[in-house]
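Worksheet: one structure, shown below.
Read-outs throughout are calculated quantities, based only on the coordinates presented, and are distinct from any laboratory measurement. Because the structure is a prediction, the values reported are computed rather than measured. Here the Cβ positions follow ideal geometry from the backbone for every residue, glycine too, while neighbour counts run over all protein chains shown.
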Amino acid sequence: MNFSRNTLSTLSVAIAATLSSGASAESSPLVFEEVLVTAEKRSESLQDLSQAITVLDGDDLDTQQISSFVDLSAIAPGVNIAKNEGFKTVITIRGVGNEANQNAIANPSVSYHLDGIYVASPFGLQTDFLDLERIEVLRGPQGTLFGQNSTGGAINVITQAPSLEDSFGKADLTLGDYGLVKARAAYNLPLTDSLAVRASVISNTRDGFTDNLTLGQDLDDANSTSARVRVLYAPRDNFRANFTAQIFDEDRNGAAQKGLLDPTPNARELRQDSRADYELTSELYSMVLEWDLEAFSIKSLTSYQNDDVLINRDNDRNDLAVLAPFAQLPSVYVPETNKQKTITQEINLISGAPLFGKMDWVAGVFYLDTEVEISIRELLDFNFNGTFDPFTRAQVFAFDPTAEIGFISDSKPERDSTSIYGQGTWNFNDEWRAVFGLRYTEDEVYSAVTNFFGRTGTDIIEMDSEKVTGRLVLEHDFSESTMGFASYTRGFKPGGSNLTYGLESVVAPVVVLPTFDEEIVDAFEVGLKTDLADGRVRLNAAAFFYNYEGLQYQATDPEVFQGGVGNIPESEIFGAELELSAFLSDSVILDVRLAWLDTEITADHLALDNVQSEAAGNALIGQGFNLFSDEIQVARSAAVQNVNGNELAKTPEFTGNIALNWSKNITAGEVNSSLQYTYRGEFKHRIFNNAVTDTVPSYDVIDLVVGFRPEGKDWRVELIAKNLTDEDGVNARFTDVFGVGATGDELIGPRQFMARFSMEF
């Protein structure tokens, strides 16, 4: 299937026209209920907030089969989520995301918060969704209340809290294709009048979707366990303490990253000569204390986070035996390790009664301390003889031309960040309001780095930054059910240190520097939120323009194997989004979510396309030139190009989601179903817009869920079909510093049939 935008629009209109005929015949029409969110640090109605926000509650998540962050791409307009290399979750919202994924410590552009706690590690995005109340996807910069690393937006995950009322539980079991076995359970237990605990667990196992024919290994499998315990202590009406312990453990084969040079005809078969393995232990412990005072409330959020990762992968993404000579330098990884520890502390003050009878306000301070330790070792077969000869550091430092030297990269970055912020809403009258906020951030980075090959020993890199971000909004209520707004917001993501970078050379200019600069997004947005047809139709729309300075992108240096993060001076983003929900009848709800983007680099910037540079270098290696010769660097530097006018990475022009949700009470019980169509448009996966590697094709997917709950029973059964047409859509493409030979595709999941049995007790 390959639906165009016109096809998608036609489908939406046809569905609405077909089903709306029954809407007037139903008696006692239903209306959309108020949705409460905490997007601005206090509980407020979704329709009253001057932001573009998509909210999904726990039932929505189950119905639409959203079990991880990647699944959010299907339902949140303007959101694109991929797993590069299987373990780097890259989230892009409205064209702003972490394009610089070559750097394992590069900051994200979309911040992730769990029950108000900022989750610093990108590996925290690997966890399965477990026992959730709702998810809030905030689109657009969140520089005031959420601070750095939220230039694209923020995702708030709110888990089910313990209850002091009753003991209850729920559990479900899902069985499906590829040996899928997923079991979930949650239980709430009041211990006293003021103490309750809620525990939840999930176990997820599945065979892989893709076969490595060379080694007989299946890839893209699943093998994870996640558990959470939340404790609520509420000794008084005005005081609550929540304690959370969460752990996620994953031990599986690696991701399927099919190289573009792989000759295997089947999309879900590949040939790679190195095994892929991935192990992750992610832990989070938090304490949230809340005091409700007469004039304001106080909220303290404290966390400790620990992530430990071990990675084996085929870096060249190919079986070198089936490639032409010198197409790619053979390589093998020693297991890569990545350890990250983070401490966060945040204190919020939230107004009770409006100040002067006119102003609601929020103020706070935030502190972050992160320490990362990364070690990468690779062996290279310069002789192309099929063996990886050992080498010593003495040979590295002596530039021994006879040694088959592999690269060494060690990095121990540390980041301290402190910020203070405040936001107020001034009510001029019943119809007009102004929102204004500021945040001041100090960010310090210290890093001890052993650059690739370790030839210069260990470098000490330090970088400091200070930035003021803010927000200004004018809101107007056109009626009780319609609100419009116009806003200006500044978002900020700090700079940092690279794991690898170029060295001073008289032969070719250095492109990748030891440090990279901050990026800033100035966002201008207008929006409308309205309920129509007496509450049976909800329409939210927004249009925006971004001025994007210092975009952090994946850069490559003329010196071989040196890559990291660079900055593009200026870019622009135009876009529009629409969310529509309508009761077509009392039993049928139509959900439509659409997004359009137009992006462009608007300033001159010289960058090295490593696909072209690697091809030029490998051609000279085939003629007998040494990998580190001046001729190689000169040939590589010739691939430097001006990217002015190119599209930004991972920004499909059009994305859309249409869902029909049907629910009906019959004599035997309740029957419900959900039919969902998702379209993601074509995009460029790098800012070079290289015709050979960078165009990622569009795809569309159809999912179906049918469920039944017998009358008066506490159990339910569902039949689930994902990707009904068995689309081989490319979810993500990744190119590292080694060029086209190390460019690989990761596909969306194939067609899967599942059955889920759930019960409450």
(request) Starting with the fewest neighbours, write out Ile702, Ile573 ranked by other beta-carbon atoms found within 10 Å of each beta-carbon. (result) Ile702, Ile573
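Rounded to the nearest 0.05, what FRET efficiency do Ser663 and Glu269 give with R0 = 25 Å and r taken as the Cβ-Cβ distance? Could you check?
0.05
What ranking of His605, His476 emerges when the number of other C-beta atoms within 10 Å of each C-beta is taken as an exposure proxy, fewest first?
His476, His605
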(message) Within segment 459-476, name every residue whose backbone N is under 19 Å away from a label modeled 7 Å from Cα of Phe524 along the Cβ vector.
(response) 470-476
(request) Considering the options Asn315, Gln64, Ala39, tell which one lies farthest towards the positive end of the dipole of the chain, charges being +1 on Lys and Arg and -1 on Asp and Glu at the Cβ, about the Cα centre. (result) Gln64
(message) I need the phi-derived Karplus couplings for segment 427-442: 6.51 cos²θ - 1.76 cosθ + 1.60, θ = phi - 60°, integer Hz, Gly and Pro marked x.
(response) 8, 5, 7, 5, 10, 10, 9, 10, 10, 9, x, 9, 9, 10, 10, 10
(message) If I model a spin label at Tyr367 and Val322 as a point 7 Å from the Cα along the Cα→Cβ vector, what separation in nanometres do I get?
(response) 5.5 nm
(message) I'd like to compare 251-260, 342-351: which one has the highest average count of other Cβ atoms within 10 Å, and what's the full order after that?
(response) 251-260, 342-351
(message) Under a crude label model (7 Å from the Cα following the beta-carbon direction), how far is Ala353 from Asp251 in nanometres?
(response) 6.0 nm
(request) Per residue of segment 567-573, in order, report the coupling 6.51 cos²θ - 1.76 cosθ + 1.60 (Karplus, θ = phi - 60°) as ³J(HN,Hα) in whole Hz, putting x for Gly and Pro. (result) 10, 9, x, 9, 9, 9, 9
(request) Find how much the distance from Asp714 to Ser43 grows on full extension, using 0.36 nm per residue of separation minus their present alpha carbon separation; answer in nm with one decimal. (result) 238.4 nm
(message) Need the full-extension length gain, Glu631 to Glu431, defined as separation in residues times 0.36 nm minus the C-alpha distance. One decimal, nm.
(response) 65.1 nm
(message) Between Tyr285 and Leu215, what is 0.36 nm times their sequence separation minus the Cα-Cα distance? Round to one decimal in nm.
(response) 21.2 nm
(message) If amide hydrogens are placed 1.01 Å from N in the peptide plane, which non-local residues have theirs closer than 5 Å to the one on Thr214?
(response) Gln272
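With contacts defined as alpha carbon pairs under 8 Å and 6 or more residues apart, what's the relative contact order of the chain in percent? Write down the numbers at each step before the final one.
On the way: 2223 pairs, mean separation 93.4, N = 761.
Taking the mean separation of contacting Cα pairs over the length of the chain, I get 12 percent.
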(request) With θ set to phi - 60°, apply the Karplus curve 6.51 cos²θ - 1.76 cosθ + 1.60 along segment 271-280 and write out the HN-Hα couplings as whole Hz, x wherever there is a Gly or Pro. (result) 10, 9, 9, 10, 5, 10, 9, 8, 10, 9
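Taking neighbour counts of Cβ atoms within 10 Å as a proxy for exposure, in what order, fewest first, do Ile666, Ile374 appear?
Ile666, Ile374
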(request) State, to one decimal in nm, how far the label point of Glu33 lies from the label point of Val468, with both points 7 Å from Cα in the Cβ direction. (result) 4.4 nm
(request) Sort the following peptides by mean Cβ neighbour count (other Cβ atoms within 10 Å, averaged over residues), highest first: 64-70, 151-157. (result) 151-157, 64-70
(request) Return the label of the correct value of percent of Cα pairs over 43 Å apart, as calculated from the structure shown, out of [x] 27; [y] 51; [z] 57. (result) [x]
(message) At 222 nm, what value in deg cm²/dmol follows for the chain if DSSP H runs of at least 4 each add -39500 (n - 2.57) and the sum is divided by all its residues, to the nearest 500?
(response) -2000 deg cm²/dmol
